[in-house]
Amino acid sequence: MGYKVDDEVKSMKKNYEYYTKRTGHGSTLSYIVHSGILKYLTTHKGDMWKWFFEALKSDMYDTQGGTTSEGIHCGVMAGTIDIIMKSFAGINIFKDHIKLTPRLPDHWHKLSFKILHKNSWLNIEITKNSIKVYRNLDKEKEVDIQVDKNYILSLTL
């Protein structure tokens, strides 16, 4: 929006702490937004899980007394999957490479999933200190993967 911000992380932290106290969460998507922005703030790692779990519960238990009994909230469901992929797995897919910066919740030991990238299926397994990537087929196609320096990468191509 054109505002000049000297320290983006400091500004985000200040805004998060300000609005968390004032947000009424009239929409269950609010939990998704609160959880999603915390991938940038290491100071509130526990809150990321808290908001994510609130979003999960909102559909299962109709925590806001709305219309869950009539069906599901696809936006919240998609949002929780997005949190798993972008925040907990830390996956960021670019045109020419994949970047992995995981932040698993403390009580998770492993996260594994499969993605399709450049017509190659990649099986990705993330633990507390390692990332394993297995690729099926198309061995001639190059896949560039950038990994957070705190993890050990193991590739099977």
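The values are calculated or read from the model by the stated rules, or taken from the named source; none is laboratory data. Since we're looking at a predicted model, the values are computed, not measured. No Cβ is skipped: glycine too gets one built from the backbone with ideal geometry, and neighbour counts run over all protein chains shown.
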Residue, modelled with the highest pLDDT, within the range 13-35, restricted to residues that are small (G, A, S) and surrounded by 12 or more Cβ atoms within 10 Å (Cβ to Cβ):
S35
Exception for F53 within (1) assigned to a helix (DSSP H, G or I); (2) modelled with pLDDT of 90 or more; (3) of a type in the set (A, V, I, L, M, F, W, C); (4) in contact with a helix residue (DSSP H, G or I) (Cβ under 8 Å, 6 or more places away or on another chain) falls at (4)
Can you tell me which of (1) more than 30 Å from V143 (Cβ to Cβ); (2) out of contact with any Ser or Thr (no Cβ under 7 Å at 6 or more places or on another chain); (3) of a type in the set (F, W, Y) is the one Y31 doesn't meet?
(2)
Which number in (1) surrounded by fewer than 12 Cβ atoms within 10 Å (Cβ to Cβ); (2) outside the structural domain of I126 (by TED's automatic domain parsing); (3) not β-branched (V, I, T) marks the one condition that E54 misses?
(1)
Give me a count of the residues in the range 78-110 that are of a type outside the set (S, T, Y), under 13 Å from the mean Cα position of the chain (by Cα) and not in a strand (DSSP E or B).
15
Under 8 Å between Cβ atoms, which residue pairs at least 6 apart in sequence (or on different chains) link something in the range 1-17 that is of a type in the set (V, I, T) with a partner that is at pLDDT below 90 and part of a helix (DSSP H, G or I)?
V9/Y40
